[in-house]
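*Asks:* One structure is given below, represented as structure tokens, and several questions about it will come after.
The numbers here are math on the coordinates, done by the rules we state, and not lab data. The structure presented is a predicted model; accordingly, all values stated were derived computationally and were not measured. Neighbour counts run over all protein chains shown; Cβ positions are idealised from the backbone, glycine included.
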Amino acid sequence: MSIDYNQTIPNNVDLATDRSLQRALEQWQPGFIDWWRELGPVGSQGHEVYLRTAVSVDPGGWAHFDYVKMPEYRWGIFLNPPAADPKIHFGEHKGQPVWNEVPGEHRANLRRIIVAQGDTEPASVEQQRHLGLTAPSQYDLRNLYQVNVEEGRHLWAMVYLLHRHFGRDGREEADAMLHRHAGDPNNPRILGAFNEKTPDWLSLYMFTYFTDRDGKFQLSALAESGFDPLARTTKFMLTEEAHHMFVGESGVSRTIQRTCEVMKASGVDAADKLRALGVIDLETIQRYLNFHYSVTIDLFGADQSSNAATFYSAGLKGRYGETKLDDDHVLKDATYPILEVANGRIAEKQVSALSSINERLRDDYIRDSVAGVERWNRVIEKSGIPFRLQVPHKAFNRKIGSFAAARVSPDGRIVSEAEWNAGVGNWLPSDEDRAFVASLMGRVVEPGKFANWIAPPAVGINRQPASFEYVRFG
Ligand SMILES: [Fe+2]
Ligand SMILES: [Fe+2]
């Protein structure tokens, strides 16, 4: 499964043996490069960036680090090797061999799943395109660019499947990926969170912590797919996704650490006084957390969904950790608890497990998210500061599902419109919060220097020091 870098499009799928596919993808490629130049990171075309590139899909040692100009990054098509005796693990086809070609009856649904995933990848690059202008350090700038080029590669992963397996309409969908744009009122990206702005670096860290983690859970569910090319490509994408979540977790952690250092050194804990000292108060960090968490959990879709049930029963999209779950993997008679509003309160009810596949994935996601928030709390605890961050109730600030019409406080109470209006300034970032965070954003370009509001990382990338020259500006 070694990667052939002698090709125009690096790949480990023997692209050279399928001339018409190769030609079609080579025709899509210049449009992708144009898109990168127009809507990728602003002002970055001439920079040489210390980036990792995949050299093989073997676990461990797949990455090679070197200086690369991003428009020359070797975006390619990398699939994990097939399993020894690959079988479908769930749904009505459980126990049957996996599909290497798209079954006719599942074609429309598979295309829909692949397009929805693929659309998020370039969307996040577009959302983050201005951030390089206000990077708090070279180290952080390099991490942003690494995430951006890998999201570009994730688009390649989905576009390959569309071109290889979906004929003419697959090619049309691949073209449309470059024509929808994040936040474009006339032709927006498919999912809401991917049309929001990522205006500052605290937003970026929250996005890569929470929203790239949505990516982890969606990809994990697709990595179980009976359509083996989808399973194999998403398995490799997951290895890249881990770095994106690291950027988020460590970025928020370093922001908290710096705030706590200043709180301790100055003896100040009032938000306005801390702001005057140029760091982000923990209350504002909590409001950003509330926003990104609630917007992201909407991405899992409605609590009960007949589409999700169909995708599962058909063997197209599994559950998180499917093979490790101890049940029949068919779920015909199984139930699952969901929440709903009943008599003015939030109450649990048991519903069909098949119809609540989305909710289950959201709950798995929530467990994973909370673990990192606890790691952030340990940074605060170590400073001896009596403050705890927490994720809001899953009904808070929802736009999709059974809570979309309800007003729910972060602690999970149904509140009146008046109470919501009185509380929302403490629960979600206000315009003033965003303006303050924006006011801290300034460009720090000297190696080893960091903006005042964020602590340096404990270690650099690829065991380089934090003071390493991660970007050679061109
Ligand atoms: Fe991605
Ligand atoms: Fe990602």
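*Asks:* Can you compute the helix-only [θ] at 222 nm over the chain? Use -39500 (n - 2.57) per DSSP H run of at least 4 residues, normalise by all residues, nearest 500 deg cm²/dmol.
*Replies:* -15000 deg cm²/dmol
*Asks:* Put a dot 7 Å past each Cα toward the Cβ at residue 172 and residue 29; how far apart are the dots in nm?
*Replies:* Label at residue 29, label at residue 172, 2.6 nm between them.
*Asks:* If each residue of separation counts as 0.36 nm, what is the full-extension length gain between residue 446 and residue 350 once their alpha-carbon separation is subtracted?
*Replies:* Value of the extension gain: 28.9 nm.
*Asks:* Something else: Taking the Cα centre as origin and putting +1 on Lys and Arg beta-carbons and -1 on Asp and Glu beta-carbons, what dipole magnitude results for the chain, to the nearest 20 debye?
*Replies:* Using only the charged Cβ atoms, the result is roughly 460 debye.
*Asks:* Report the paramagnetic label zone for residue 432: residues of segment 250-269 whose backbone N is under 16 Å from a point 7 Å from Cα along the Cα-to-Cβ axis.
*Replies:* Within reach of a label on residue 432: no residues.
*Asks:* How far is it, in nm, from the label point at residue 411 to the one at residue 341 when both lie 7 Å from their Cα along the line to the Cβ?
*Replies:* So the label points at residue 411 and residue 341 sit 2.0 nm apart.
*Asks:* Let me ask something else about it. Longest exposed-loop-site-free stretch of the chain, with GluC sites (Glu not before Pro), DSSP loop and at most 14 other Cβ within 10 Å?
*Replies:* The reported range is 102-474.
*Asks:* Restricting attention to segment 283-360, which trypsin sites (Lys or Arg not before Pro) occupy a DSSP loop and are surrounded by at most 10 other Cβ atoms within 10 Å?
*Replies:* For trypsin sites (Lys or Arg not before Pro) across segment 283-360 that sit outside H, G, I, E and B with at most 10 neighbouring Cβ atoms in 10 Å, the list reads 332.
*Asks:* A follow-up question, please. Under the 0.36 nm per residue contour assumption, what length would be gained going from the current alpha-carbon distance of residue 459 and residue 421 to full extension?
*Replies:* Contour length minus the Cα-Cα distance gives 9.3 nm.
*Asks:* Then there is this: So if I take the centroid of the Cα atoms in segment 267-317 and the same for segment 325-369, what is the distance between those two points in Å?
*Replies:* Answer, in whole Å: 20.
*Asks:* Please provide three numbers in whole Å: the alpha-carbon extents of segment 106-243 along the principal axes, with the largest listed first.
*Replies:* 46, 34, 20
*Asks:* Which entries in 197/317; 235/394; 273/399 show an alpha-carbon gap greater than 31 Å?
*Replies:* Violating the 31 Å Cα-Cα cut-off are 273/399.
*Asks:* Under unit Cβ charges (Lys, Arg +1; Asp, Glu -1), what dipole magnitude, rounded to 20 debye, does segment 356-474 have relative to its Cα centre?
*Replies:* Around 320 debye, computed over segment 356-474.
*Asks:* Here is a further query. Among 323, 162, 444, whose Cα lies farthest out toward the positive end of the dipole of the chain, if unit charges sit on the beta carbon of Lys, Arg (+1) and Asp, Glu (-1)?
*Replies:* 444
*Asks:* Could you check the simple spin-label distance between residue 327 and residue 371, using points 7 Å along Cα→Cβ, in nm with one decimal?
*Replies:* For residue 327 paired with residue 371, the spin-label model returns 2.1 nm.
*Asks:* Ok, one more. Identify, among 191, 247, 467, the residue whose Cα sits farthest towards the positive end of the charge dipole of segment 89-472, taking +1 on the Cβ of Lys and Arg and -1 on the Cβ of Asp and Glu, with the dipole about the Cα centre.
*Replies:* Farthest towards the positive pole: 467.
*Asks:* Now a separate question. Whole-Å semi-axes of segment 249-385's equivalent ellipsoid, largest first, each the root of 5 times a Cα gyration tensor eigenvalue?
*Replies:* Largest first, segment 249-385 gives 41, 16, 12 Å.
*Asks:* If the label point is 7 Å along Cα→Cβ of residue 238, which residues in segment 332-373 have backbone nitrogen under 19 Å from it?
*Replies:* Label zone hits: 357-372.
*Asks:* On to the next question. Hey, what's the Cα Rg ratio for the chain versus the globular rule of thumb, 2.2 N^0.38 Å?
*Replies:* Here the answer is 0.99, to two decimals.
*Asks:* Give the order of 279, 55 when sorted by the count of other beta carbons within 10 angstrom, beginning with the fewest.
*Replies:* Going from least to most buried by this count: 55, 279.
*Asks:* Also: Over the residues of segment 26-164, compute the C-alpha Rg and express it relative to 2.2 N^0.38 Å.
*Replies:* In units of the globular-protein estimate, segment 26-164 measures up at 1.24.
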